[in-house]
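See structure below.
The values are calculated or read from the model by the stated rules, or taken from the named source; none is laboratory data. Note that the structure is predicted; figures quoted are calculated from it, not measured. Cβ: placed from backbone, ideal geometry, glycine included. Neighbour counts: every protein chain shown.
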Amino acid sequence: MISQFIAALLVGQVTPPANGYMQSTTTPTGVVEMRTGAHKFTAEGKPDLFEGVRPGKNAPKTPPPAKTDANAPKPIYKVLSDALGLEFQLTEIKYDRPGWVNSDLSMDDLDRINKEKGGGKPTGFDTVKQLLDPNSPMAGMLTTMLSTATPGVKEALKLIIVKKVAAGETPGLDSTTQDVILHARNDAALEVFDKTVKKENPPKSIGIFYGAMHMPGIEKTLVEKYGYKQTDAKWFLAASADPKKLDDQGKALYNMFEQSNAPKKTGGNLLAAALPH
């Protein structure tokens, strides 16, 4: 069951091989580090384009949303970030900056596309919705598991995220879920970009702020359709995990996940759930 939860959390974070926006490295001391890339693209006569996320020590932060019910369950991302000592995106990033435009699709849009693409059959996106609902049994079970996990188990979870996600070793999404959480959302972002770059007085630069899983497809369109070329790339430490901190339970969990994702002779997708980035 724990392995299934990990899979559900990781699939949406998965970076396919040869993705130039995430990388995993191991230091001489054995610590595994995950780094994210911030790339700059230029095209003559068009605004400079920046992709990726660059963390800043002095970046302004948005306070956590006001709680209407002290006993209400936390969003699963918040549960995970608290348990692993990571930062929760919605409270650590200031989204109301001047010039920022939300070009993503709504959950209603995604649900509609899922039903259209899936033809009424169950898809990984259906599991996404369950996991994102803090009141669902699946989210409740994961919350309980994380709240009772030992420090060594939590370090194992970080190691799985840092090592597997950045290396692109996790199997991919089912085709319908890819269409929903990847392609459709990329199309929505690029539609806003197209309108912006074609304005009479476009901005001098544009930043596409998105998960690394989305970037290769967006980059392909920018290069082939708009003539952009990459002119700079910088890498920043996103997270790290130390295998030496795993206790016996943590080692067992990590080994179980390794075995569950080992190639099978029968092939096929080993993960049946996805979580958008």
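For segment 18-48, which residues satisfy the criterion of being among the β-branched types (V, I, T), more than 18 Å from Y226 (Cβ to Cβ) and either in contact (Cβ under 8 Å) with a residue 60 or more places away in the chain or not in a strand (DSSP E or B) (or both)? It would help to see each step written out before you state the result.
Keep residues of segment 18-48 that are among the β-branched types (V, I, T), which gives 25-27, 29, 31-32, 36, 42.
Next, from what is left, pick out any that are more than 18 Å from Y226 (Cβ to Cβ): 25-27, 29, 31-32, 36.
Matches in segment 18-48: T27, T29, V31, V32, T36.
Residue count for segment 122-149, restricted to those that are surrounded by fewer than 14 Cβ atoms within 10 Å (Cβ to Cβ) and touching a residue at least 12 places away in the same chain (Cβ under 8 Å): 2. Condition check for T15 on (1) buried (at least 18 other Cβ atoms within 10 Å of the Cβ); (2) at pLDDT 50 or above: one failure, at (2).
Every residue, every condition in (1) basic (K, R); (2) at pLDDT 80 or above; (3) at positive phi, yes or no:
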site	(1), (2), (3)
S24	no, yes, no
G45	no, yes, yes
K57	yes, no, no
D69	no, no, no
P73	no, yes, no
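Here is a check on your reading of the model: is A149 at pLDDT 90 or above, within 27 Å of T26 (Cβ to Cβ) and within 21 Å of the chain's Cα centre (by Cα)? Explain how you work it out, then say what you get.
Details: at pLDDT 90 or above: yes; within 27 Å of T26 (Cβ to Cβ): yes; within 21 Å of the chain's Cα centre (by Cα): no.
Spelling it out, it is not the case that A149 is at pLDDT 90 or above, within 27 Å of T26 (Cβ to Cβ) and within 21 Å of the chain's Cα centre (by Cα).
Among the residues of segment 67-107, which ones are over 19 Å from the mean Cα position of the chain (by Cα), surrounded by fewer than 15 Cβ atoms within 10 Å (Cβ to Cβ) and within 26 Å of M141 (Cβ to Cβ)? Residues satisfying the conditions are K67, T68, D69, A70, N71, A72.
With respect to I160, is the statement that it is modelled with pLDDT of 90 or more and either more than 25 Å from I93 (Cα to Cα) or buried (at least 20 other Cβ atoms within 10 Å of the Cβ) (or both) true?
Details: modelled with pLDDT of 90 or more: no; either more than 25 Å from I93 (Cα to Cα) or buried (at least 20 other Cβ atoms within 10 Å of the Cβ) (or both): yes.
In short, no.
Taking the numbered list (1) of a type in the set (S, T, N, Q); (2) touching a residue at least 40 places away in the same chain (Cβ under 8 Å); (3) not in a helix (DSSP H, G or I) in turn, N201 passes all entries but (2).
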